[in-house]
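Remarks on the structure that follows.
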Amino acid sequence: MDNFIQTATYEHSFWLQVLRDHSQFILDGLAEKEKEEIQLRLLNMHFKNYSTV
């Protein structure tokens, strides 16, 4: 069981790193205007989540 947990932890960490790297590549390729729009939408989502609580 310990080996399974170690392997699963390694795999999980590995794929999280891959996802992080890919998201960084995408973010780096965006125009400044696109980055601003994403920030605004994320803020909007954040405030919507808190207003429904």
State the answer as a single residue: which of LEU27, LEU40, MET1 lies farthest towards the positive end of the charge dipole of the chain, with beta carbon charges of +1 for Lys and Arg and -1 for Asp and Glu, about the Cα centre. LEU40
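When the convex hull of the C-alpha atoms of the chain is computed, what volume per residue in Å³ does it have?
Measuring per residue, one finds 78 Å³ for the Cα hull of the chain.
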Between helix 2-29 and the chain, what is the angle of the helix's C-alpha long axis to the longest principal axis, kept within 0 to 90° and rounded to the nearest 10? 30 degrees
Could you give the nm distance between label points at GLN6 and LYS48, where each point is 7 Å from its Cα heading toward the beta carbon? 4.5 nm
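Based solely on its DSSP helices, what 222 nm [θ] is calculated for the chain when runs of n ≥ 4 H residues each add -39,500 (n - 2.57) and the sum is averaged over all residues, nearest 500 deg cm²/dmol?
-32000 deg cm²/dmol
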Tilt relative to the chain, helix 32-51 - C-alpha long axis, 0 to 90 degrees, to 10: 80 degrees
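Every read-out reported here was derived from the displayed coordinates using simple, explicitly stated rules and does not represent laboratory data. Bear in mind that the values here come from a model prediction, so they are computed numbers and not experimental data. All Cβ positions, even for glycine, are placed from backbone atoms using ideal geometry, and neighbour counts span all protein chains on display.
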